[in-house]
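Just so it is clear, none of the values below were taken in a lab; they were calculated from the coordinates. Keep in mind the model is a prediction, meaning the values are calculated, not measured. Cβ sites come from the backbone with ideal geometry, for glycine too, and all protein chains shown count toward neighbours.
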Amino acid sequence: MAYVASIHIYPIKALDGISVGQATILASGALKGDRSLAICDRKGEFVNTKRSSGVHFLRLSFDIKQRIAGLKIQNTEQEIFFHVDRERPEIEYWLSNYFGFPVTLIENLLTGFPDDTAAPGPSIISTATIAEVASWFPRVCVNEMRHRLRANIEIGDVPAFWEDQLFGAADEVVRFKIGPVIFEGINPGQPCILSTRNSAAKELYPNLKNVRTAKQNELMPEWAKKGHLNHFSRLIVNTRVPLQAAGKIVHLGDEVQILSVSKSLFNTIPD
């Protein structure tokens, strides 16, 4: 039986996630607390791994109830703690010194800052997919790959790439249910499997594209090759959630059931 094996939210966009036992759906479809904070430069652009290599080496811990963020530089001992509301100037000062340019910490508790604004629901992947892709690269562990892919919900008791069934053709949506919540699988997301540098081992992988292509030909099911997922840089599924799901909760252990495949009629999803 396909079920929710883990749930992760990412309190500050681009930084580390935290594992939670349950997550509440917001009116926007996002998970409460997920990417609700973001680091921006003076131009208002997000500071992420594509724009600053320093993101790779910045570790975050986060106490959701107390609203306290712990920041440390990877492979160092000192961790500095900040209350993200009462000590916003202090955390911005620390981050600005770390990155070497002025930054601000912005917040949106209603929608967060999703990677795909057209599909702001939780992103989904199977645990087996994470493990499979991690096995392609020397000294890359499952947790490192999980950090790279940054999906919200992991599905257990299914084979690798099972989640490819959760989206259809460009004009179709797949409706599926997780616990009490109905989702629409919209499209495959395109996270960074690995940057040119492994954040843990700091080792270069110049043949990353060749590895992806070879594994695609070797492992990908024929039905998946014919769909959106035509290369292995697209591994997670982006979703939308109907407004009437606001306030419902997804729990660890919830069963995952595929309901239907149809043309996109998002507003007609039943409660």
Given 20 °C, 1.002 mPa s and a Kirkwood radius over Cα pairs, the Stokes-Einstein diffusion coefficient of segment 37-107 in µm²/s is 172
In whole Hz, with x marking every Gly and Pro, tabulate ³J(HN,Hα) for segment 96-108 from phi via Karplus 6.51 cos²θ - 1.76 cosθ + 1.60, θ = phi - 60°. 5, 5, 5, 7, x, 7, x, 9, 10, 10, 9, 9, 9
What's the magnitude of the charge dipole for segment 1-78 around its Cα centre, counting Lys and Arg as +1 and Asp and Glu as -1 at the beta-carbon? Answer in Debye, nearest 20. 200
List residues of segment 38-61, by number, whose backbone nitrogen lies under 13 Å from a label position 7 Å along Cα→C-beta of ARG139. none
So what's the Cα pair-distance distribution over segment 69-130, bin width 10 Å, in %? 17, 32, 32, 19, 0
Check which residues have an amide H placed less than 5 Å from ILE155's amide H, if you skip close sequence neighbours. ALA5, ILE125, SER126, THR127
FRET efficiency for TYR93 and LYS65, using Cβ-Cβ distance with R0 set to 25 Å, rounded to 0.05: 0.50
Can you list the GluC sites (Glu not before Pro) in segment 1-100 that are in a DSSP coil and have 11 or fewer other beta carbons within 10 angstrom? GLU45, GLU77
Within 10 Å of each residue's Cβ, count the other Cβ atoms and sort ARG148, ARG67, ARG139 from fewest upward. ARG139, ARG67, ARG148
Going residue by residue through segment 237-246, the Karplus relation 6.51 cos²θ - 1.76 cosθ + 1.60 with θ = phi - 60° gives ³J(HN,Hα) values, rounded to whole Hz and with x marking Gly or Pro, of 10, 8, 10, 10, 9, x, 4, 5, 7, 3
Based only on other Cβ atoms within 10 Å, what is the fewest-to-most ordering of ASP116, ASP171, ASP34? ASP171, ASP116, ASP34
About the Cα centre, charge dipole magnitude for segment 37-107 (Lys/Arg +1, Asp/Glu -1 at Cβ), debye: 200
In whole Hz, what ³J(HN,Hα) sequence does segment 39-56 give by Karplus (6.51, -1.76, 1.60; θ = phi - 60°), x for Gly and Pro? 9, 10, 8, 5, 7, x, 8, 5, 8, 9, 5, 6, 9, 8, 5, x, 4, 4
